[in-house]
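In what follows, a structure is listed as structure tokens, so that the remarks can point back to it.
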Amino acid sequence: MVSWFRRKKPDTPADNAVPTSPEDARPEATPEAGAALEPAPAPAGRLGWMQRIGKLLNTDVAELIGRNPILDDDLLDELETALITADVGVTASSEIVDDLRKRMKAREFADANALLAALRADLVALLKPVAKPLVIDASARPFVVLTVGVNGVGKTTTIGKLARRFKDEGRSLMLAAGDTFRAAAVAQLQAWGERNGVAVIAQGQDADPASVAFDALQAAKSRGIDVLIADTAGRLHTQQGLMAELGKIRRVLGKLDPAAPHEVLMVIDGTTGQNALSQLRQFNAAVQVTGLVVTKLDGTAKGGVVFALAREFGIPIRFAGIGERPEDLRVFDAEAFVDALLPEALGSSPAGAA
């Protein structure tokens with residue numbers, strides 16, 4: 001299976017780089033992309049949505065049809081294998097192919113292109129219900145976003161990119177450095193804050209994360225801030241004590257604002273594959289996840305997990321990280337996403353490519 005995304009080193013100027021310490025060399029500390037207002041074409045010399053997302057099935061489907069241009073069960077069996085290999089998931093892949101098989105037997109498809117068009121429609125239909133942008137409630141001041149996820153998914157850098165997005169939208173905001181376990185995390189978030197002109201509320205290493213969140217919400221309220229984004233330490237979904245800590249943070253925030261957090265945003269590494277399902281299952285049970293950010297989608301053959309997540313949970317996918325620049329954190333768009341995966345196979349030039 002060909003990689004979903006073309007790998008390309010970022011062309012961000014060196015003077016825009018976020019300062020890091022040696023500890024920041026770990027995956028979580030590596031910026032991978034951020035925030036630009038949609039819709040906007042890619043700047044000259046920069047790769048757009050279409051160019052950053054490679055082809056989920058394009059090469060494989062072309063090879064399959066080349067070997068077997070006749071629409072039959074063998075072709076569909078190989079197509080199902082291709083979907084599973086791309087980490088769409090066994091159940092989701094089987095349901096998609098079963099639908100295509102019934103329609104093929106009913107002679108709905110004149111040729112392979114018609115079958116591929118039907119595949120595209122099924123993939124879009126799977127993602128459409130979860131393609132829901134994050135809406136900031138202006139009446140909630142501050143609107144509190146709590147970010148969660150396992151180690152190394154890119155929570156802290158995603159927060160930096162969200163900060164850039166919200167600043168570009170004209171919102172005032174504040175960051176809470178709630179990852180008090182990893183020494184470099186606070187410095188990293190402060191660097192993002194300085195870069196974006198955003199205040200960061202922090203305490204010392206090993207401070208109580210709930211206390212940091214509480215102080216930050218108090219400060220944000222007193223200053224009339226529009227959005228507060230709270231970082232949390234990465235934790236494995238199997239660490240019950242740390243998962244319970246997230247529940248404590250939620251309860252403490254609720255003491256100051258019964259509606260807070262207004263968004264629990266889980267950051268998922270797109271390279272994780274099917275393990276992302278068990279991660280989301282546990283985090284959702286602990287803190288009631290309300291939105292997802294899927295990162296690192298510009299260099300993986302595992303990005304098909306987006307479809308599996310959509311099918312099992314139906315939780316809105318707010319953003320997709322498709323590069324290392326701040327503007328590469330894109331509002332998730334089901335049709336643009338699928339069209340960027342299958343355009344050559346369909347012989348189309350999809351809209352929303354930038």
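The numbers here are math on the coordinates, done by the rules we state, and not lab data. None of the values given here were measured: they were computed from a predicted structure. Cβ coordinates were reconstructed from backbone atoms using ideal geometry, including for glycine residues, and neighbour counts include every protein chain displayed.
Observations on the structure shown:
- Set K221/K296; K132/K155; K255/K296; K132/K296; K102/K128; K128/K255 screened for pairs whose C-alpha atoms are more than 27 Å apart: K221/K296; K255/K296; K128/K255
- Computed extension length for N151-D111: 9.8 nm, one decimal, from 0.36 nm per residue of separation with the Cα-Cα distance subtracted.
- Residue exposure sequence - R103, R330 - by fewest surrounding Cβ within 10 Å: R103, R330
- Reducing the stretch 158-173 and the stretch 74-119 to their Cα centroids gives an inter-centroid distance of 41 Å.
- Relative contact order for the stretch 178-280, counting Cα pairs under 8 Å that sit 6 or more residues apart, in percent: 26
- Annotation: extensible slack from D73 through Q274 equals 69.7 nm (criterion: 0.36 nm per residue apart, minus Cα-Cα distance).
- Exposure proxy shown here: for L71, L146, the number of other Cβ atoms within 10 Å sets the order, fewest to most, as L71, L146.
- Within the stretch 179-196: backbone nitrogen closer than 19 Å to the Q218 label point (7 Å, Cα to C-beta): 179-180
- Cα-derived Rg over Rh, computed across the stretch 160-266 with Rh taken as Kirkwood radius: 0.95
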